[in-house]
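To keep things clear, I will list the structure first and then write my remarks on it.
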Amino acid sequence: MTCKSLALAAAFTLTAGFSLAEDITVGTLVLKDPYAFETAKTARAGGAFVRIVNTGSDPDRLLDVRADYPKVQVHETIEKDGIARMQPAGEIDIPAGGMIELKPGGYHIMFMGLKGAQRFSVGETVEATLVFEQAGEVTIDFPVRKRTGGKADMGQMGTMEQGNNASN
Amino acid sequence: MTLSRTTIALVGFVALGAAGLATYTILGPRDPASCAQSQVAGATIGGPFTLVDETGRTVTDRDIITKPSLVYFGYTFCPDVCPTDSARNAEALDLLQSRGIDAQALFISIDPERDTVEQVAEFTDLFHPDMIGLTGSSEQVAAVSKTYKTYFAKQETGDEYYLMDHSTFTYLVLPDLGFVDFFRRDTTPETIANTVACFAEQS
Ligand SMILES: [Cu+2]
């Protein structure tokens, strides 16, 4: 990173409260706005999110995520009747010309078995390798973002009655 | 709410001996129920509990609920739903405090097997100084969950990284009236703050 882009990144940090990573392209896939949330000092789990756009004319599939923690999985949050449940998402289809969004209340990458100094702190990044059926593997950094209040995070949540838009 | 459910709820109030609240509801200067977001069927949610606080001390509801309290049940090994809801509740506290209303939040662990005193203390510190982490024995946690009619269940994975299914409502509990309202996940911090303020200004 050049001095200029560092300054730009710093400006983003000041204005938006977090830094915006550049898009990452792998094959026909574009990975946008990867981030992880900061965790408590003693946290043993953390989550990360990213949008994956398929610009190609063939479907692809997210098969797996690997990272240097004891257990890493893609999870889906399901909400029904006011009860939340996380479960392994399995393989996720990325339609041709479509996208999947890992976001709060939907899919997340879950890092399990954090210990001690592994807590996610603002200013650091979390590295993980995403494995796609067509595009292959890509290792990306998820900048750690501070938790904001409800306004930033709750916009797309389902209601108790609907409880069906957790994964969209 | 249908008329019959309202009637049942009112009968329930009296039958359960919630005479104080019923009297206040009828004779009070304003109806506290008019503050409520949810259509609450009456005094069947909430009540006494015994848990362990962030210092390791055993405490009861009387020790802890000394001001309007947003009560949430979750677990710290939860990277998505619990932190999102806790951040929302923390923001409601900020809004209330900017209006001069003293309130707090409780985060009650439904995963006492992993959630030590230190775990719940550190987790809640991430969100707000006035968010109190509570844990306890599995019996104490089961009892408070039953009292608040919340659901939780362990998904066995055969390792230490198991996941918990759990209710995601936030309950508003007042020192004098007890439980008065609950909020769903999609309730905004502004709505929560306004509701808490409405109740707080009447008591
Ligand atoms: Cu998860």
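Just to verify a result, which residue in the stretch A:58-77, among those that are within 16 Å of the ligand (Cβ to nearest atom) and part of a loop (DSSP other than H, G, I, E, B), is surrounded by the fewest Cβ atoms within 10 Å (Cβ to Cβ)? Once the filter is applied, the top-ranked residue is A:Pro70. Filtered by the rule that a residue be closer than 18 Å to B:Thr116 by Cβ and either surrounded by 23 or more Cβ atoms within 10 Å (Cβ to Cβ) or free of Cβ contacts under 8 Å to residues at least 40 places away in the same chain (or both), the stretch B:40-57 gives B:Leu51, B:Arg57. Would the stretch A:54-76 turn up any residue that is under 16 Å from B:Tyr161 (Cβ atoms), at the interface with chain B (Cβ under 9 Å from one of its Cβ atoms), under 16 Å from the mean Cα position of the chain (by Cα) and in contact (Cβ under 8 Å) with a residue 60 or more places away in the chain? No, every residue in the stretch A:54-76 fails to be under 16 Å from B:Tyr161 (Cβ atoms), at the interface with chain B (Cβ under 9 Å from one of its Cβ atoms), under 16 Å from the mean Cα position of the chain (by Cα) and in contact (Cβ under 8 Å) with a residue 60 or more places away in the chain. Residues of the stretch A:31-49 that are within 15 Å of the ligand (Cβ to nearest atom) and farther than 15 Å from A:Met112 by Cβ: A:Phe49 alone. So how many residues does the stretch B:61-81 have that are without any contact (Cβ under 8 Å) to a residue 12 or more places away in the chain and within 15 Å of the ligand (Cβ to nearest atom)? Looking only at that region, the number is 2. Taken over the stretch A:78-97, the criterion of being within 16 Å of the ligand (Cβ to nearest atom) and not acidic (Asp, Glu) is satisfied by A:Ile78, A:Ile83, A:Ala84, A:Arg85, A:Met86, A:Gln87, A:Pro88, A:Ala89, A:Gly90, A:Ile92.
On inspection, A:Thr129 qualifies as away from the ligand (no atom under 16 Å from the Cβ) and surrounded by 14 or more Cβ atoms within 10 Å (Cβ to Cβ). Whether any residue in the stretch A:98-118 is away from the ligand (no atom under 15 Å from the Cβ), of a type in the set (S, T, N, Q), surrounded by fewer than 18 Cβ atoms within 10 Å (Cβ to Cβ) and assigned to a loop (DSSP other than H, G, I, E, B) is what I want to check. No, because not a single residue in the stretch A:98-118 is away from the ligand (no atom under 15 Å from the Cβ), of a type in the set (S, T, N, Q), surrounded by fewer than 18 Cβ atoms within 10 Å (Cβ to Cβ) and assigned to a loop (DSSP other than H, G, I, E, B). The single condition among (1) in contact with a strand residue (DSSP E or B) (Cβ under 6 Å, 6 or more places away or on another chain); (2) surrounded by fewer than 22 Cβ atoms within 10 Å (Cβ to Cβ) that B:Leu172 does not meet is (2). Across the stretch A:79-97, which residue is farthest from the other protein chains (Cβ to nearest Cβ) among those that are surrounded by fewer than 18 Cβ atoms within 10 Å (Cβ to Cβ) and aliphatic (A, V, I, L, M)? Top of the filtered list is A:Ala96. The stretch B:91-179 holds strands (runs of 3 or more DSSP E) entirely within its bounds, and those carrying 1 or more residues that are facing chain A (nearest Cβ under 8 Å) map to B:152-155, B:163-167.
Read-outs: derived from the displayed coordinates by stated rules, not from any lab. Model, not experiment: these values are computed from the prediction. All Cβ positions, glycine included, derive from the backbone under ideal geometry; neighbour counts span all protein chains shown.
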